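Structure below; questions to follow.
The values are calculated or read from the model by the stated rules, or taken from the named source; none is laboratory data. All values reported here derive from a predicted model rather than from experimental measurement. Every residue, glycine among them, receives a Cβ derived from its backbone with ideal geometry; neighbour counts consider all protein chains shown. Accessible surface areas use protein heavy atoms only, side chains included; no ligands, DNA or RNA. Shrake-Rupley method; radii C 1.70, N 1.55, O 1.52, S 1.80 Å.
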Amino acid sequence: MDAPWPFDIRPLTPRLGAEVLGVTLAHGISDDLFAAIYRAFLRHQVLLFEPQDVPPATQVAFARRFGEVQVHVMNQYHAGGFPELYRLSNLDEHGRPTGKHPDKGTLAWHTDGSWSQVTGQATIIYGEVVPKVGGETHFCDMYGAYERLSPEWKARLANLRAVHNLDFSRTRRHGEDPLTEAQRRERPPVDHPIVRTHPETGRQCVYLGDHAEYIVGMPYDEGRALIEEVNAMIIHPDLTYEHCWTAGELLLWDNRCVLHKATAFDEAREGRVVRRCTVLGEVPH
Ligand SMILES: [Fe+2]
C-alpha cells in the first residue's frame, strides 16, 4: 500500500496530470513533503499547483530540489538575476502587447532539452500573465503512446535513434530569430533512442517531438518522413491534458514521458508572460 498523500490531490484526467491542493511553495517545502511531491510527479507526470505568489527565487529553489537546473543556451530569455529562469513574454517595457510571439518553437509538440546530451527532467513553469483565450499548455502521455503502438511499429522503432537539433527546430519554427553562431557551437546535434526507458519508473515510452531532425543510419528524407509520421501517430486526444491557465498557477511535468506544446493566442491584444526552468535529467537509454 502506498503511503497517504500529505496534501489533497485531484486527478486532472483519468490518465495524466493531477492538481496538488493546499501546498504553498513560498512557505518552504520539508523533505517529507518534497518526497511526496516527487512521488506524485512520477505517478501523474504533470502536476498543477493552485494560484499563489511564487517569486523567482522560490521557483528556482523549488527546481533545485529536483536536481541541477539548466542554464539555457538562448541567453536572450534569461530572467532578471536568475539565469536558470527562461522568461517568455510578448509585453514591452510598458506592459503593452508587442504582437510578437516570443518563441514559436513552443507551438509544436516537443520535450524540453531533447537537443542536449543530458535531457530535461522536470520543467517548472509559472504563469505571471495569462491570456483570456489561448496560450494553453497541452500535454500528451508518452507511456500510453508507446502502449498504443502496434507490435509492428514497436519492432520498427525499437533500435532507432533520432538526432535532436535545437538549431533545426528553432530555425524551422522561428526563423526570424535563429540561434547565434556561438549558441549553435554550444549545442551541436545529439542522438537519442526513439523508445526510451524511464530511468526511475522503468517504463518504456516514446521519446521524439519537434526537436528530432533525422534518423541515424537512414537517408535524411526517409528519416524526416518517419519522424513526422511518428510524431503525428503518438498524439491521442484521450492521452492528452489541455491546461487553460489562471494567473499564479505553477505547472510542472516530466519531460522524459510527456510531450507538451503551447497553443496560439492573440499576441497583439493579449499578454502572456510565463517563466520556466528546466531541471537536467540524464542521458536517455
Ligand atoms: Fe517546452
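Taking θ = phi - 60°, what integer Hz values does the Karplus form 6.51 cos²θ - 1.76 cosθ + 1.60 yield along segment 204-218, in sequence order, with x for Gly and Pro?
8, 8, 7, 10, 9, x, 6, 7, 6, 9, 8, 10, 4, x, 10
Okay, next question. Where both residues lie in the chain, what percent of DSSP beta bridges are antiparallel, nearest 5?
About 95 percent, rounded to the nearest 5.
Given the options Pro131, Pro55, Pro102, state which has the largest fluctuation in a GNM of the chain using a 10 Å cut-off (strictly under) for Cα springs.
Largest GNM mean-square fluctuation: Pro55.
While we're here: Please compute, for the alpha-carbon atoms of the chain, the extent along each of the three principal axes and give them in descending order in Å.
Here the Cα extents, ordered largest to smallest, are 52, 52, 32 Å.
How compact and how long is segment 205-285, expressed as Rg and Dmax of its alpha-carbon atoms in Å?
My reading of the Cα-based Rg and Dmax gives 16.1, 47 Å.
Under 16 Å Cα to Cα from Lys104, which lysines show up? Leave out anything in the same chain fewer than 8 places away.
In chain and number order, the partners are Lys261.
For Leu280, which sequence-distant residues (separation of 5 or more, or a different chain) have an amide H within less than 5 Å of its own amide H, given hydrogens modelled in the peptide plane?
Hits under the 5 Å cutoff: Glu68, Val69, Gln70, Gln121.
Using heavy-atom solvent-accessible surface (probe 1.4 Å) with all chains present, what is the largest-first order of Val130, Val230, Val118, Val71?
Val71, Val118, Val130, Val230
Over the chain, average the accessible area per residue using a 1.4 Å probe and give it in Å², no decimals. Before the final figure, lay out each step's value.
Working: 12270 Å² over 285 residues.
With the other protein chains kept in place, the chain gives 43 Å² per residue.
Helix-derived [θ] at 222 nm for the chain: sum -39500 (n - 2.57) over DSSP H runs of at least 4, divide by residue count, nearest 500?
Value at 222 nm, helices only, nearest 500: -7000 deg cm²/dmol.
Also, I was wondering about something else. So what are the ³J(HN,Hα) numbers for segment 87-96, from phi and the Karplus equation (6.51, -1.76, 1.60; θ = phi - 60°), rounded to whole Hz, Gly and Pro as x?
9, 10, 9, 10, 9, 7, 5, 9, x, 9
So, one more: Summing Lys, Arg as +1 and Asp, Glu as -1, what charge do residues with Cβ under 11 Å from the Cβ of Gln45 carry, Gln45 excluded?
On the way: positive: Arg15, Arg43, Arg203, Arg256; negative: Asp141, Asp254.
Residues near Gln45 contribute +2 overall.
Find, among the GluC sites (Glu not before Pro) in segment 1-102, those assigned to loop by DSSP (not H, G, I, E, B) with at most 10 other beta-carbon atoms within 10 angstrom.
Numbers: sites: Glu19, Glu68, Glu84, Glu93; in loops: Glu68, Glu93.
Here the sparse-neighbourhood loop sites are Glu93.
Rounded to the nearest percent, how much of the accessible area of the chain (1.4 Å probe, protein heavy atoms only) is carbon and sulfur? Walk me through the intermediate numbers first.
On the way: 6320 of 12270 Å².
Of the solvent-accessible surface of the chain, carbon and sulfur hold 52 percent.
Now, a different point. Considering amide H positions built from the backbone, and no H for Pro or chain starts, which residues 5 or more places from Asp191, or on another chain, come under 5 Å of its amide H?
Close amide H contacts, sequence-distant or interchain: His164.
Provide the gained length on full extension for the span Asp32 to Thr180, in nm with one decimal, where the gain is 0.36 nm per separating residue minus the Cα-Cα distance.
Residue separation times 0.36 nm, minus the Cα-Cα distance, leaves 48.9 nm.
Within segment 1-93, what percent of beta bridges assigned by DSSP are antiparallel, to the nearest 5?
65 percent
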